[in-house]
1. Would you call residue 139 over 18 Å from residue 205 (Cβ atoms) and of a type in the set (Lys, Arg)?
2. Tell me which of these residue 43 doesn't satisfy, since it passes every other one: (1) buried (at least 18 other Cβ atoms within 10 Å of the Cβ); (2) touching a Leu at 6+ places or on another chain (Cβ under 7 Å); (3) under 18 Å from residue 232 (Cβ atoms); (4) aliphatic (A, V, I, L, M).
3. So, of the residues in region 53-80 that are assigned to a loop (DSSP other than H, G, I, E, B) and at pLDDT 95 or above, which turns out to be surrounded by the fewest Cβ atoms within 10 Å (Cβ to Cβ)?
4. Anything in region 47-78 that is of a type in the set (A, V, I, L, M, F, W, C) and either in contact with a Pro (Cβ under 9 Å, 6 or more places away or on another chain) or on the phi > 0 side of the Ramachandran plot (or both)? List them, or say none.
5. Among the candidates 35, 46, which residue alone is among the aliphatic types (A, V, I, L, M), more than 20 Å from the chain's Cα centre (by Cα) and closer than 22 Å to residue 78 by Cα?
6. Could you please find all residues in region 6-25 being on the phi < 0 side of the Ramachandran plot and either without any contact (Cβ under 8 Å) to a residue 12 or more places away in the chain or of a type in the set (Asp, Glu) (or both)?
7. From the residues in region 83-119 that are β-branched (Val, Ile, Thr) and under 15 Å from residue 228 (Cβ atoms), which one is surrounded by the fewest Cβ atoms within 10 Å (Cβ to Cβ)?
8. Give me the pairs, please: first residue somewhere in region 39-67 and in contact (Cβ under 8 Å) with a residue 12 or more places away in the chain and assigned by TED's automatic domain parsing to the domain that holds residue 92, second residue anywhere and buried (at least 20 other Cβ atoms within 10 Å of the Cβ) and among the aromatic types (Phe, Trp, Tyr), beta-carbon distance under 7 Å, and either six or more positions apart or on two chains.
Amino acid sequence: MKIALIGYGKMGKAIEAIALEKRHEIVLKIDLDNASDLNAENIAKADVAIEFTGPHSAFGNVMKCLELGIPLVCGSTGWLAQWDAVKASCEKNNGTLIYASNFSIGVNLFFELNTRLAKLMSGYPSYNVSMEEIHHTQKKDAPSGTAITLAEQVLDNIPGKKKWVNHPSSNPGELEIISERIDPAPGTHKVKYHSAVDDIEIIHTAHNRTGFAGGAVLAAEFAINKKGIFGMKEVLGL
């Protein structure tokens, strides 16, 4: 498989290492210094593109890849306000997009656990649910895309919670998410149910970027010969 890497920071380099281990080939690397190289001629050399940049550049990169007809795996967060435009472009161009707020296999299993726990807790209003997330200081968006996914799962299943907020809150209708940025933390997410008599917590802690990178390469392998929009549920068969 020939891969175009869009974003060649720490995640891009981690993805490259795993891709090469699996005997894939990196045929294009796009970073800030050579953004203009993301064009039809260069992208035609690749079977699939993997995009990990930031919230300010991700939308443009996604749209360009869809227009150029390259299957795309995108792990950038903080741009989903423009999701409808991306969905429309994917349909118009008969494209392929694998999007996830987190490509780690462990995190995606954690998502399933979080949903199941929220359904179990929905009948026990004496427990108040809150969340915490910790990332490295280079993380641009807060809360993280992973935290937002976890929060939306909680909101879908806990009747008393109406919206999430990214600050301490005593409002019973608000799901509190506390975001911290501490180096060198690659990512910790905690969902806590608190009552007067006990607490229930689930925690996922990433030790490094390998899990995210491995999942992104797995998603790229899945994307070949597919059409449409998919997530890690489909990639992992959950």
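The values are calculated or read from the model by the stated rules, or taken from the named source; none is laboratory data. Computed from a prediction, not measured in an experiment: that's the story for all the values here. Virtual Cβ from ideal backbone geometry, glycine too; neighbours counted across all protein chains shown.
1. Considered against the rule, which asks whether it is over 18 Å from residue 205 (Cβ atoms) and of a type in the set (Lys, Arg), residue 139 comes out as no.
2. Exception for residue 43: condition (3).
3. Filtering first and then ranking leaves 69.
4. Within region 47-78, 48, 49, 65 qualify.
5. Numbers: 46 fails: closer than 22 Å to residue 78 by Cα.
Exactly one residue qualifies, and that residue is 35.
6. Result: 13, 16, 20, 21, 25.
7. Residue satisfying both the conditions and the ranking: 86.
8. Listed by first residue and then by second, the contacts come to 55/79; 58/79; 59/79.
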